[in-house]
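> Before I ask anything, let me first share the structure, which is written out below as structure tokens.
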Amino acid sequence: MQIKSPKDFWAGAMFIAFGAGMAAIAIKDYQMGNAVRMGPAYFPTVLGGLLAILGLVLLLRALALKGEKIGRFHFRPLLLILAACVAFGYLLKPLGLLGALLVLVFVSAYGGHEFKRKEVLILYAVLFVFSVLVFVKGLTLPFPICPEALEEYCRF
């Protein structure tokens with residue numbers, strides 16, 4: 001057998017691995033139950049099984065149909081987005097949502113193939129307003145909105 005679509009083949013293999021792993025962990029650690037009285041393992045097992053079936057379909061398709069080759073792997077975007085997420089977590093308390101979100105959006109955008117400052121600023125402004133409305137006001141999560149030093153000037 002020859003792999004005609006390497007991209008689909010490896011995506012299918014990844015889906016099978018994650019799906020089977022999720023189902024195996026759920027069955028091992030939790031009670032399954034049945035369709036009428038679902039236990040805590042029921043949903044992750046079904047979801048993992050469906051993911052594995054989807055992976056099998058992709059894998060078989062990769063053997064039958066010609067598809068794309070796997071492109072070059074780019075480490076820079078992966079590392080910058082990971083660094084932006086970690087920085088957001090560490091900077092949320094001292095800089096508030098205002099500063100931490102600014103770092104998250106700008107560092108993540110810098111990881112892309114093109115960086116336009118005006119577009120990133122607009123994205124930041126929209127994301128900041130959305131985050132304040134949904135998370136701070138709507139869900140009443142105790143996120144600081146402004147940095148600790150500016151907290152007295154920043155009342156929403």
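> Identify unpaired cysteines across the chain, taking unpaired to mean no other cysteine Cβ lies under 4.7 Å from the residue's Cβ.
85
> Please identify every one of the chymotrypsin sites (Phe, Trp or Tyr not before Pro) in the range 9-91 that sits in a loop by DSSP and has no more than 10 other beta carbons within 10 Å of its own beta carbon.
73
> Among 8, 29, which comes first, then next, by fewest other beta-carbon atoms within 10 Å?
Fewest-to-most Cβ neighbours within 10 Å comes out as 29, 8.
> Report which label in (1) 69; (2) 55; (3) 51 holds the value of percent of Cα pairs over 20 Å apart derived from the coordinates of this structure.
Entry (1).
> Specify the inter-centroid distance of the range 31-59 and the range 111-156, based on alpha-carbon positions, in whole Å.
38
> Something else now. Suppose R0 equals 35 Å. What FRET efficiency, 1/(1 + (r/R0)^6) with r the Cβ-Cβ distance, do residue 143 and residue 29 give to the nearest 0.05?
It comes to 0.60.
> Could you name the lysines in cross-link range of residue 4, using Cα to Cα under 20 Å and dropping any fewer than eight places away on the same chain?
Hits, sequence-local ones excluded: 66, 69.
No lab work stands behind these numbers, since they all come straight from the coordinates. Keep in mind the model is a prediction, meaning the values are calculated, not measured. Backbone-built Cβ (ideal geometry, glycine too); neighbour counts: all protein chains shown.
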